[in-house]
Amino acid sequence: MKGLMMDYQLTLPTILRRAESLFGHKEIVSRLPDKGIHRYTYSELIGRTKKLAEALRAMGIQPGDRIATLCWNHSQHLECYFAVPCIGAVVHPLNIRLSPDDLGYIVNHAEDKVIIVDEVLLPLFEKFKGQVNVSRIIVIRHSAEPLASGYDAYEEFLAGGDELQFKPFEGDENTAAFMCYTSGTTGKPKGVLYSHRSIVLHAMAFMASCSGLGVSERDVLLPVVPMFHASAWGFPYSCTFVGSTQVFPGPYLDAESLLQLFESEKVTVTAGVPTVMMAILNKLDEAPAHYKLYLRTMVIGGSSAPRFLVKSFDERYGIQVLHSWGMTELSPLGSTAVIPSELQHAAKEQQYDYAMNQGLPAPFVEIRARNEAGLIKWDGHEMGELEVRGPWVVSSYYNDPEPTGKFTDDGWFKTGDIVTIGSNGCIAIKDRSKDVVKSGGEWISSVALENALMGHPSVLEAAVIAIPDAKWMERPYAYVVLKKGKDSSPEELKDFLADKFARFWIPEGVELIDAIPKTSVGKFQKSALRDLYATRNPHTDV
Ligand code: ADP
C-alpha cells in the first residue's frame, strides 16, 4: 500500500521560499575588499537572486549548464548559490587557491559555460583564461576602474533580470545543483555533483540537534571556511533554511580581521580548519581583554582538532569547539563530536578527550570500517578504513576516466581515512590511509603524534610523516614549528612524547623548521614534507 502523503520534491527553491516568507528582515553582512561593510536583508538577497536567475535564463542558460564562480565569501556569492540551481543549472565554485593549471583543467572538465569572478580575483582568472572557453565572464566589481572589453559587470547583468518573471525550478529533486572538485591532494581533482535533494537533506541534518551542529535562527554565523570548499560545509544553505544572520569575511581571513568582525557583528558560531583557528587563538592570547566576543561554538573540521585548541578556547574564552569530520564527497558533513549525555556532567578533561574524536555519524550517514582481515569490531581499538553510505554521499565522480578503487562492490564509499569505532559508534580518525605509519606490522597514527606535539607549550605546529626504514619498513618523523620567542630541542620534544606513547611510536627524528607547507584549503601538506625529507636525505626513497 502506498502512503498517502504529498509528493513534495526537496529542492532549493523550497529553502528560498521559506526564507522569503519567514526571515525577510534578517541580515546578510559582508566585508568588502576596501574593508568596508556591506549589509542587506534576506528580502533584498532573495529579490536579487530572482533577478540573477532570470538574467541567466535570458542569456540562454539551460537546465544542467554549469556556471563557475571564482569568489571569496560574500553576499553575491550567496546569490549565485541560489540563483543558478533555482533555474535548474549547476553552480560550480572554483577553489581560488589551486594553481592556474588546475583551475583551467577543472573549468574545462566541468565544461563551465559562464564564470562569475570577483574583480580582485581577475589577476588569477587571467592566468588561466587562455586555457578555457567560457561564453560569458561576469565581474563582481569593487572599483570604479573601466572594465576591459569582453567582461560584463555583475550589477548591470543582474539588473537585466526581471524579478517578477522568476519561475523557480520545479523538476526532480535528484537533479544536479552544485558542483565541487576535490582539492586533488592525490591525482587530478575529481568532480562531485550534489543534487537538490542531497543539499536539502544535508541542510536539515546540520540542524538536527542530536549530532548536527544545532544552528538556529538565533545564531549569527560566520563561515571562515571558503564557499569554494565543499559549499562552506553547507552553512550558507543551512543558515538560509533556519534564518540565521550570515556574516561573510570577504578576502580578509587573517586573525585580526576575523576577530574584529566576530566582535562588531556579535558572531555566535564560526567554522574553519584548525590552522585558521590556531591563528585566532594566538592572536587572542596576545591581548585576551582586547576583544569582546559572543562566540558560543567554533566548528573545527577538515583536519583533526588538537586537544590544546579545544581546551584553550573553552578554558580561556568560554568557546566550545565542536569537532566535525567531513569530506567534499560527503557534502561534506560526516560526523560531529557533540558531548553525549553520559559526559554532560563529567570533568572537563574527560569532555576534551571526547571532543578530540570525530564523533557520531550524522543522521542518515551509515558507517563501517575494514582492514585486511575484514570489517573491524566497534571496540575503539581495531583500526580500519572508514566506509560510508547515505543520501549526501557521492555515488560516482563526474565524468571520471579512472573510476577505480573508491567504492566497494556493494556500493559504499571508501573514505581513505583510517579510524577506530567505539562501541557507542564514535569515530576516531587515526590517519589518512596514505599517511598512517606502518612500522613493523603495527600502525602508528601520525595524527596522534602531531596532536601530542602540539600540546607542548613551545610548539606552534607539528606534522608527522612516514620515512622508509630498512628494518621496520616505515618509521615516523616529525617536523615541528616553534612558537615565536619559544625554545625547545628535538631531544626535549622526544622526551615529551616518551611518557605518552609506546617506545616504537616515538619519531625516529624531530626536525625544527620555519613553517609547515599548507594545501589549498589550509591543511598540512605532507607530500611537500615527504619531498623535503627526500631532498635532505637523498639516499632514501620516501
Ligand atoms: P581533500 O581531500 O582535498 O583534503 P576534503 O576537504 O574533502 O579535501 O578533505 C577530506 C579529508 O579531510 C577527510 O577524508 C579527512 O582525512 C580529513 N578530515 C576532515 N575532517 C577531519 C577531522 N575533523 N579530523 C581529521 N581529519 C579530517
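Considering only residues in the range 337-374 that are under 25 Å from residue 207 (Cα atoms) and of a type in the set (Asp, Glu), the one that is farthest from the ligand (Cβ to nearest atom) turns out to be 342. The lone criterion from (1) surrounded by 14 or more Cβ atoms within 10 Å (Cβ to Cβ); (2) out of contact with any strand residue (DSSP E or B) (no Cβ under 7 Å at 6 or more places or on another chain); (3) not hydroxyl-bearing (Ser, Thr, Tyr) left unmet by residue 505 is number (2).
Residue-wise test of (1) within 16 Å of the ligand (Cβ to nearest atom); (2) out of contact with any helix residue (DSSP H, G or I) (no Cβ under 8 Å at 6 or more places or on another chain).
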residue: 474; (1), (2): no, yes
residue: 506; (1), (2): no, no
residue: 509; (1), (2): no, no
residue: 517; (1), (2): yes, no
residue: 528; (1), (2): yes, yes
residue: 533; (1), (2): no, yes
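Scanning the range 426-440 for residues that are in contact (Cβ under 8 Å) with a residue 24 or more places away in the chain and on the phi < 0 side of the Ramachandran plot yields 426, 427, 428, 429, 430, 433, 434, 435, 436, 437, 438, 439. Of the residues making up the range 1-39, those that are more than 27 Å from residue 172 (Cα to Cα), touching a Gly at 6+ places or on another chain (Cβ under 8 Å) and not in a strand (DSSP E or B) number 3.
Restricting the range 375-417 to residues that are away from the ligand (no atom under 16 Å from the Cβ) and within 20 Å of residue 435 (Cβ to Cβ) leaves a set whose member that is most open to solvent (accessible area, probe 1.4 Å) is 381. Can you confirm whether residue 220 is within 11 Å of the ligand (Cβ to nearest atom) and either basic (Lys, Arg) or modelled with pLDDT of 90 or more (or both)? Taking the combined requirement at face value, the residue does not satisfy it. Residue count for the range 56-75 under the criterion of being crowded, with 24+ Cβ neighbours inside 10 Å and either free of Cβ contacts under 8 Å to residues at least 24 places away in the same chain or part of a helix (DSSP H, G or I) (or both): the result is 1. Go through the range 103-151 and count every residue that is closer than 15 Å to residue 179 by Cβ, part of a helix (DSSP H, G or I) and open to solvent by less than 30 Å² (accessible area, probe 1.4 Å). Here the count works out to 4. Contact annotation: residue pairs with Cβ atoms under 7 Å, 6 or more positions apart or on different chains, pairing a residue in the range 405-424 that is free of Cβ contacts under 8 Å to residues at least 40 places away in the same chain with a partner that is among the charged types (D, E, K, R) and in a loop (DSSP other than H, G, I, E, B), are 414/406. Taken over the range 172-216, residues that are at pLDDT below 95, part of a loop (DSSP other than H, G, I, E, B) and at negative phi amount to 15. When residue 164 is tested against (1) under 23 Å from residue 30 (Cα atoms); (2) open to solvent by 20 Å² or more (accessible area, probe 1.4 Å); (3) part of a helix (DSSP H, G or I), only condition (1) is not met. The condition of being touching a Pro at 6+ places or on another chain (Cβ under 8 Å), closer than 26 Å to residue 265 by Cβ and either in contact (Cβ under 8 Å) with a residue 24 or more places away in the chain or among the charged types (D, E, K, R) (or both) holds for only one of 39, 31, that being 31. Restricting the first member to the range 322-333 and to residues that are closer than 20 Å to residue 353 by Cα and within 8 Å of the ligand (Cβ to nearest atom), and the second to residues that are acidic (Asp, Glu) and outside any loop (DSSP other than H, G, I, E, B), the beta-carbon pairs closer than 8 Å and six or more apart or on different chains are 325/417. Put simply, of 379, 353, 400 the only residue that is assigned to a loop (DSSP other than H, G, I, E, B) and without any contact (Cβ under 8 Å) to a residue 60 or more places away in the chain is 379. Under the condition of being free of Cβ contacts under 8 Å to residues at least 60 places away in the same chain, within 16 Å of the chain's Cα centre (by Cα) and either surrounded by fewer than 20 Cβ atoms within 10 Å (Cβ to Cβ) or more than 16 Å from the ligand (Cβ to nearest atom) (or both), the residues counted in the range 224-276 number 4. In this entry, residue 475 is excluded by the filter for residues that are within 28 Å of the chain's Cα centre (by Cα), more than 26 Å from residue 311 (Cβ to Cβ), crowded, with 16+ Cβ neighbours inside 10 Å and among the charged types (D, E, K, R).
The values are calculated or read from the model by the stated rules, or taken from the named source; none is laboratory data. Quick caveat: nothing in here was measured; it's all calculated off a predicted structure. All Cβ positions, glycine included, derive from the backbone under ideal geometry; neighbour counts span all protein chains shown. Just so you know, the surface numbers come from the protein's heavy atoms only, side chains and all, with ligands and any DNA or RNA stripped out. Shrake-Rupley method; radii C 1.70, N 1.55, O 1.52, S 1.80 Å.
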